[in-house]
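S.K.: Mind looking over this structure? Questions follow.
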Amino acid sequence: MQQLQLLGRNTLALISGLGRAVIVLLSALLHTPNPRKGLPLLFAQLYSVGVMSLVIIVVSGGFIGMVLALQGYTILVGYGAEASLGPMVALSLLRELGPVVSALLFAGRAGSALTAEIGLMKATEQLSSLEMMAVDPLRRVIAPRFWAGFISLPLLAAIFSMVGIFGAHLVGVDWLGVDGGTFWSVMQDQVDFNKDILNGIIKSVVFAFVITWIAVYKGYDCEPTSEGISRATTATVVQSSLLVLALDFILTALMFA
Amino acid sequence: MTTKANYDNLVVINNLTFKRGDRVIYDDISLVIPKGKVTAIMGPSGIGKTTLLRLIGGQIRPESGQILFAGKDIPKLSRKELYETRKRMSMLFQSGALFTDMSVYDNIAFPIREHSNLPEAIIEKIVLMKLEAVGLRGARDLQPNELSGGMARRVALARSIALDPELILYDEPFAGQDPISMGVIVRLIRSLSDALGLTSVVVSHDVPEVMSIADYIYIIAEQKIIGQGTPEQIMQDDSALVKQFVQGEADGPVPFHFPAPGYQQELVKGTAIGALANVTQGDK
């Protein structure tokens, strides 16, 4: 009986939470933007959300590419197929690892920061104070942060894949001795723009939407205490990571199956 | 905009009931805030004094009742009208609520930049005037984290008068202030009202400070208004509840103890003596 009650309560909480999240997003985004005031805010957020995530994305991209090349080479060389190293690395990165790993890193680096920042603004009454100054915090605080995340992640994912391919070149061609011309030309031959690159971009656009939405909503909706902020930050990272992996499976099934 | 009606009472609250969950915070209360005066709302902590300010500001909606600001019923306003109305009021938060990513100067300039298209040269003059009024012109380039608690509150006060509002809501302006800051704030609230005809609502439980500046006082406890009047009338009030609050007695109609089971019973519970005590009590 008690478990049934618990199930009901959790379901209701989930549904009303979803409803609140939709309302927050819609009221933040559905209004005519004022470019004179909005653009400086957006640029400031693009810097702190996007540019500040560059280091972690570039370093991880490089290492992932290098590991892929190393692992791929030892398998492929057994079949004398090391010429396929280029396309193997490029396809894994463009289709899967680029969008997914950069999304997971982004959730940890930028998503958690967004939640904590907005949550702290709520706890210190800064959001209330904006409301009382007749400035809508959803437009002033939430909207620029959402757009910044939405724009940044697809670009970061593209950079991730690019750096990864160069990392693979470093290991495969410069270290293990695969022929450089073969590496590039077979890759060019095998990678299709629509099927591989475009689908990868679509994936990272979807992930960007989901992660930033969760991050700004969790911050805006958090309980305004230090415990509440820490719970909201954790929830952002856990929920957006899990959703990214689940959505990746669905999207892959739709795109490549 | 039609002719601006001249209201004697800037805020009128009629039969307001507000609940948080199942807990009743206000049960059918009515009060008026006269224009150009300092009105104080007093009462023990935790009875929702701040809630009243949030209700007037339209941040939360009441269960039932009217909250009229200059004749407009706040809970019934559309989002847009509410935001228009809020431009005419401001609120001083207990924490100050300064924007931590801006300097003192930018904090005060913020509402002016948001709601006007004034050139920067004029904004600078306004900001400096407001800072001068709170005695912190020298602190214009500091960041909020470099300010002491008292200074932060004064900067917040300067920000809340930046747009010359008609109504200022003060949330516990005296709480946690050293005597000097306290003196500055007391003087500022009084002089804003006298010199500029601002209407002030001060929510507080600091009896002497409130007595020294308020024109009219409401005392709220147990979901109701238990006493009201000028400071002199409040001092003369015979009701035991008001007396207890004003004179700061620990026990009285508002009990010192949070509701709990019997002290003796709880201490000896589960011990041999406890069992014995229960038996002897049962015998009685």
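S.K.: What are the residues whose amide H is under 5 Å from the amide H of residue B:10, where those residues sit 5 or more places off or on another chain and H is modelled from the backbone?
M.R.: B:33, B:35
S.K.: Residue farthest toward the positive end of the dipole of the protein assembly as shown, with Cβ of Lys/Arg at +1 and Asp/Glu at -1: which of A:58, B:117, A:194?
M.R.: Looking along the dipole axis, the top candidate is B:117.
S.K.: To continue, here is another question. Work out how far the C-alpha atoms of the range B:10-128 reach from end to end along every principal axis, then list the three figures in whole Å, largest first.
M.R.: 49, 30, 28
S.K.: Let me ask something else. How far is helix A:112-123 tilted, in degrees, relative to the longest principal axis of the Cα atoms in chain A, given as a value from 0 to 90 rounded to the nearest 10?
M.R.: The answer is roughly 10 degrees.
S.K.: Scan around residue B:221 for amide H atoms under 5 Å from its own, H built in the peptide plane at 1.01 Å from N, and keep only partners 5 or more places away or cross-chain.
M.R.: Result for residue B:221 returns B:226.
S.K.: Provide B:54, B:79 in ascending order of the number of other Cβ atoms located within 10 Å of each residue's Cβ, fewest first.
M.R.: Numbers: B:54 19, B:79 10.
Arranged by neighbour count, lowest to highest, B:54, B:79 become B:79, B:54.
S.K.: Taking amide H atoms as placed 1.01 Å from N in the peptide plane, list the residues 5 or more away in sequence, or in a different chain, whose amide H sits under 5 Å from that of residue B:40.
M.R.: It is B:202, B:215, B:216, B:217, B:218, by chain and number.
S.K.: So what are the ³J(HN,Hα) numbers for the range B:213-223, from phi and the Karplus equation (6.51, -1.76, 1.60; θ = phi - 60°), rounded to whole Hz, Gly and Pro as x?
M.R.: The phi angles translate into 10, 6, 8, 8, 10, 10, 10, 10, 7, 6, 6 Hz.
S.K.: What are the principal axis extents of the Cα atoms in chain B, in Å, biggest first?
M.R.: That gives 85, 45, 38 Å along the principal axes, largest extent first.
S.K.: Also, quick follow-up: Which of the listed residues, B:157, B:68, B:174, is farthest toward the dipole's positive end in the range B:59-193, when Lys, Arg count +1 and Asp, Glu count -1 at the beta-carbon?
M.R.: Checking the options against the dipole of the range B:59-193, the answer is B:68.
S.K.: Report, ordered by chain and residue number, the aspartates and glutamates lying within cross-link reach of residue B:224, taken as a straight Cα distance under 13 Å and ignoring same-chain residues fewer than 8 apart.
M.R.: Straight-distance partners of residue B:224: B:27, B:28.
S.K.: Mean residue ellipticity at 222 nm from the helices of the protein assembly as shown, using -39,500 (n - 2.57) per DSSP H segment of n ≥ 4 over the full residue count, to the nearest 500 deg cm²/dmol?
M.R.: Values: 22 runs with 300 residues, N = 541.
Calculated at 222 nm, the ellipticity per residue is -18000 deg cm²/dmol.
S.K.: Over all Cα pairs of the range B:125-182, how is the pair count split among 10 Å bins, expressed in % and running from 0 up to the last occupied bin?
M.R.: Values per bin, smallest distances first: 22, 54, 24, 0.
S.K.: Taking 37 °C and 0.692 mPa s as the conditions, I'd like the Stokes-Einstein D for chain A in µm²/s, using the Kirkwood hydrodynamic radius from alpha carbon pairs. Display every interim value, and only then the final one.
M.R.: Values: Rh = 20.0 Å.
After rounding, the answer is 164 µm²/s.
S.K.: Could you compute the FRET efficiency for residue B:129 and residue B:225, with r as their C-beta to C-beta distance and R0 at 35 Å, rounded to 0.05? Kindly include the intermediate steps, with their values, before the conclusion.
M.R.: On the way: r = 38 Å, r/R0 = 1.08.
According to the calculation, E is roughly 0.40.
S.K.: Where a ≥ b ≥ c are the square roots of the eigenvalues of the C-alpha gyration tensor, would you call the range A:15-160 rounded, which needs a/c under 1.5, or, failing that, prolate if a/b is larger than b/c, or oblate?
M.R.: Working: a/c = 3.08, a/b = 2.88, b/c = 1.07.
Cα axes put the range A:15-160 in the prolate bin.
S.K.: According to the Cα gyration tensor, what semi-axes, each the square root of 5 times an eigenvalue, does the equivalent ellipsoid of the range B:81-189 have, listed from largest to smallest in whole Å? Write out the running numbers ahead of the final one.
M.R.: Details: eigenvalues 88, 58, 30 Å².
The equivalent ellipsoid of the range B:81-189 has semi-axes of 21, 17, 12 Å.
S.K.: At a 10 Å Cβ-Cβ cut-off, how would you order B:220, B:123, fewest neighbours first? Intermediate values should be presented prior to the final figure.
M.R.: Values: B:220 24, B:123 17.
Exposure proxy ranking, most exposed first: B:123, B:220.
S.K.: Calculate I(q)/I(0) for the range A:103-173 by the Debye formula, one identical point scatterer on each C-alpha and no solvent, and give its log10 at q = 0.18, 0.23, 0.24 Å⁻¹ to two decimals.
M.R.: Per q value, in the given order, log10 I(q)/I(0) is -0.77, -1.00, -1.04.
S.K.: Then there is this: Give me the distance between the Cα centres of the range B:113-160 and the range A:182-227, rounded to whole Å.
M.R.: Their Cα centres are 42 Å away from one another.
S.K.: Can you classify the range B:193-272 as rounded, prolate or oblate using the Cα gyration tensor, where a ≥ b ≥ c are the square roots of its eigenvalues, rounded means a/c under 1.5, and otherwise it's prolate if a/b beats b/c and oblate if not? Please list the in-between numbers first.
M.R.: Numbers: a/c = 3.69, a/b = 2.88, b/c = 1.28.
It is prolate, given that a/c is not under 1.5 and a/b is the larger ratio.
S.K.: Using the 10 angstrom Cβ neighbour count as an exposure proxy, how do B:142, B:98 rank, fewest first? Present the calculation step by step, with values, prior to reporting the outcome.
M.R.: On the way: B:142 15, B:98 27.
The order, fewest Cβ neighbours first, is B:142, B:98.
S.K.: Compute the convex hull volume of the Cα atoms of the range A:178-257, divide it by the residue count, and report the result per residue in Å³ as a whole number.
M.R.: Measuring per residue, one finds 124 Å³ for the Cα hull of the range A:178-257.
S.K.: For residue B:139, what is the net charge nearby, where nearby means another residue's Cβ is under 10 Å from its Cβ and Lys, Arg count +1, Asp, Glu -1? Display every interim value, and only then the final one.
M.R.: On the way: positive: B:137, B:140, B:154; negative: B:141, B:146.
Around residue B:139, the surrounding residues sum to +1.
S.K.: Against the longest alpha carbon principal axis of chain B, how many degrees, from 0 to 90 and to the nearest 10, is the axis of helix B:179-196 turned?
M.R.: Between the helix axis and the principal axis of chain B, the angle is about 60 degrees.
S.K.: Helix A:35-45 against the longest principal axis of chain A: what's the angle in degrees, Cα atoms only, rounded to the nearest 10?
M.R.: That works out to roughly 60 degrees.
S.K.: Follow-up. May I ask for the equivalent-ellipsoid semi-axes of the protein assembly as shown, computed as the square root of five times each C-alpha gyration tensor eigenvalue and listed largest first in whole Å?
M.R.: Working: eigenvalues 654, 207, 86 Å².
Three semi-axes, in Å: 57, 32, 21.
Read-outs: derived from the displayed coordinates by stated rules, not from any lab. Computed from a predicted structure; not experimentally measured. When we count neighbours, we look across all protein chains shown, and the Cβ atoms used for this are built from the backbone with ideal geometry, even at glycine.
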